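Student: Have a look at this one before I ask anything.
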Amino acid sequence: MTGQVVGVDLGGTKVIAAGLREQTLGESVLVPTETASARTLIEQLVSVVERVRADDLSAVGIGIPSVVDFETGRAVSSVNVPLADVPIRATLGERLRVPVFVDNDATVAALAEAHDEELRLIARNLVMITVGTGIGGGIVLGGRIYRGATGAAGELGHTIVGMDLSGAVPAPVRFAHPGSLEFVAAGHALDALATEVADIHPESELGRLRASGKPVLGADAVRAAQDGDPDAARIVEVWGERVGVGIANAINTFDPEEVVIGGGAARAGDLLLTPAKRVARSYTLPGVGRRTTIRLARHGVRSGVLGAALLAVHELEEVR
């Protein structure tokens, strides 16, 4: 790699940027996301890059929570940030005077997870499932990002993991569809489980929280489970089992070297990972996935910004 590259992780609530030189990711800059308009957000992206760039900046990589047409650098669809159909790559390239590469945020996080702490590529075939407010994913095949025909490859949250097909196929109603992985295992699903337990077991830690008038959220269930509350531990286990069904689908489809769980769910640690692995193994075809490691994300909250920087590195190498 020649010179510095900058990675930018754009989320619905925050923007993180950091410079990468050789195998070292520098200190991050974090600011709340400007969502008033596309113009203000573009200005903010320029500003955060300028704050971390060096004189020998070679390129910028950006991960955004959108379906991206990689060749043009436009967001095909964008829900949480005002960038739909904005020529992000061209606009930022002109402003920053270096090549800019734009991709889906979960996709670049998957690229980061295919590398170890020394940034060596150690998993050439990897699937990442990010579990947070929604469920996304990224796919690395042959050491390269797999984007699909429209840039939407890896939208694993919208795979169907449960549906009543005893009669006619139910008409689709919305995203996330009932029966999809996102519908049953994203953060809002854990919130619902936590509230249900609080109502059924008022003597539990979650029940006492609800009695105090505070909302009961999934994060409360994880904390209570980590503190040893058995009712909270059981719903986190159910949550992990649901994620495990999604992992089984990923293994049956791609037979990867690794399946990685990222996003906020990774904070639950083994409380989530253990049931997820158990269920995934039980729903995987016999003999398939025997070489697949199922683990939590190793790069944590920096996987997005690191993956965006690695995107820039890989694309520069491709050009050369």
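Student: Mean separation of Cα pairs under 8 Å and 6+ residues apart, divided by the residue count of the chain: what relative contact order is that in percent? Numbers along the way, then the final one.
Tutor: Values: 695 pairs, mean separation 60.9, N = 320.
So the answer I get is 19 percent.
Student: Would you please classify the overall shape of segment 80-124 from the alpha carbon gyration tensor, given that a ≥ b ≥ c denote the square roots of the eigenvalues, rounded means a/c under 1.5, and beyond that prolate means a/b larger than b/c while oblate covers the rest? Write down the numbers at each step before the final one.
Tutor: Numbers: a/c = 3.85, a/b = 1.86, b/c = 2.08.
Oblate, because a/c is 1.5 or more while a/b does not exceed b/c.
Student: Still on this structure, I have one more. So what does log10 I(q)/I(0) come out to for the chain at q = 0.08, 0.11 Å⁻¹, using the Debye formula with one equal point on every Cα and no solvent?
Tutor: Once normalised to I(0) and log-transformed, intensities are -0.38, -0.71.
Student: Quick check: residue separation of residue 317 and residue 30 times 0.36 nm, minus the Cα distance between them. What number comes out in nm?
Tutor: Details: separation 287, 0.36 × 287 = 103.32 nm, distance 2.80 nm.
Once the chain is fully extended between residue 317 and residue 30, it gains 100.5 nm.
Student: Of 62, 160, 247, which is the most mobile in a GNM of the chain whose springs link Cα atoms less than 10 angstrom apart?
Tutor: 160
Student: To continue, here is another question. Calculate for the chain the 222 nm mean residue ellipticity that helices alone would give, adding -39,500 (n - 2.57) per DSSP H run of length 4 or more and normalising by residue count, nearest 500 deg cm²/dmol. Could you put the intermediate results ahead of the total?
Tutor: Working: 10 runs with 123 residues, N = 320.
So the helix-based figure for the chain works out to -12000 deg cm²/dmol.
Student: I've got another one for you. At a Förster distance of 35 Å, what's the computed FRET efficiency of residue 171 paired with residue 37, Cβ-Cβ distance as r, to 0.05? Present the calculation step by step, with values, prior to reporting the outcome.
Tutor: Working: r = 36 Å, r/R0 = 1.02.
The pair residue 171/residue 37 has a calculated efficiency of 0.50.
Student: May I pose another question? Work out how much length residue 253 to residue 192 would gain on full extension: take 0.36 nm times their residue separation and subtract the Cα-Cα distance, in nm to one decimal.
Tutor: Values: separation 61, 0.36 × 61 = 21.96 nm, distance 2.97 nm.
Result for the pair: 19.0 nm of gain on full extension.
Every read-out reported here was derived from the displayed coordinates using simple, explicitly stated rules and does not represent laboratory data. Given the structure is predicted, the values throughout are model-derived calculations rather than measurements. FYI the Cβ positions are ideal-geometry reconstructions off the backbone, even for glycines, and counts take in every protein chain you see.
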